[in-house]
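The values are calculated or read from the model by the stated rules, or taken from the named source; none is laboratory data. Predicted, not measured: the structure shown is a model, and the values here were computed from it. Note: ideal-geometry Cβ built from the backbone for every residue, glycine included; neighbour counts use all protein chains shown.
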Amino acid sequence: MIAGRAFRRKTWWGALALLAACGTRDRFVFPVENPGDGEGPITEITHPAAADTAVTEGDPLIIQGRSYDADGVDTVYIAVGGINQGFPPILGEGKDTVEFAAQLSTIGHSGATVIVQAFGVDRLGQQGSLVSRQIHIE
């Protein structure tokens with residue numbers, strides 16, 4: 001009976017010491033082998049190459065470009081302003097470079113000025129800078 005009581009006391013004090021020691025530490029810290037570069041993907045629009053472009057209504061217009069990041073590209077977003085058209089996000093699946101192409105409809109938009117913007121997000125959730133093109137539909 002005395003041996004059992006001594007065992008319980010030792011167990012009690014051991015548990016109390018363990019709880020006190022754990023209370024001084026907020027969380028476990030694990031080493032990170034590749035913390036990333038702290039920046040999001042670089043995105044380029046290669047077509048149209050000029051920042052300000054004019055096209056004729058009815059002509060097909062393909063927006064082309066790429067987004068790249070050593071941490072891996074998760075998603076590329078293309079936004080269109082000035083006309084009612086949009087594109088779904090392009091999944092990069094962690095590739096270093098993601099090429100993209102999207103067809104912009106110019107039919108029925110004579111006189112409109114369209115702003116096309118694109119940016120990427122890497123696998124770590126860091127958003128890259130925005131790149132844009134202004135397109136005048138004549």
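Residues that are farther than 22 Å from Val114 by Cα and crowded, with 19+ Cβ neighbours inside 10 Å within the stretch 76-101 comprise Gly92, Val98, listed in sequence order. Applying the criterion of being more than 18 Å from Val131 (Cα to Cα) and assigned to a strand (DSSP E or B) to the residues of the stretch 58-80, the residue that is farthest from the chain's Cα centre (by Cα) is Ala70. A Cβ distance below 8 Å, combined with a sequence gap of six or more or placement on separate chains, defines the contacts here; from the stretch 84-113, residues that are within 18 Å of Thr46 (Cα to Cα) and modelled with pLDDT of 95 or more reach residues that are among the basic types (Lys, Arg) and assigned to a strand (DSSP E or B) in the pairs Thr97/Arg66; Val98/Arg66; Glu99/Arg66; Phe100/Arg66. For Thr53, the conditions (1) buried (at least 17 other Cβ atoms within 10 Å of the Cβ); (2) hydroxyl-bearing (Ser, Thr, Tyr); (3) not in a loop (DSSP other than H, G, I, E, B) are fulfilled apart from (1).
Yes or no, residue by residue, for (1) at pLDDT 95 or above; (2) surrounded by 13 or more Cβ atoms within 10 Å (Cβ to Cβ); (3) hydrophobic (A, V, I, L, M, F, W, C); (4) over 10 Å from Thr43 (Cα atoms):
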position: Leu61; (1), (2), (3), (4): no, yes, yes, yes
position: Arg66; (1), (2), (3), (4): yes, yes, no, no
position: Asp71; (1), (2), (3), (4): no, yes, no, yes
position: Val116; (1), (2), (3), (4): yes, yes, yes, yes
position: Gly125; (1), (2), (3), (4): no, no, no, yes
position: His136; (1), (2), (3), (4): yes, yes, no, yes
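Of the residues in the stretch 97-107, at least one is of a type in the set (S, T, N, Q) and touching a Gly at 6+ places or on another chain (Cβ under 9 Å).
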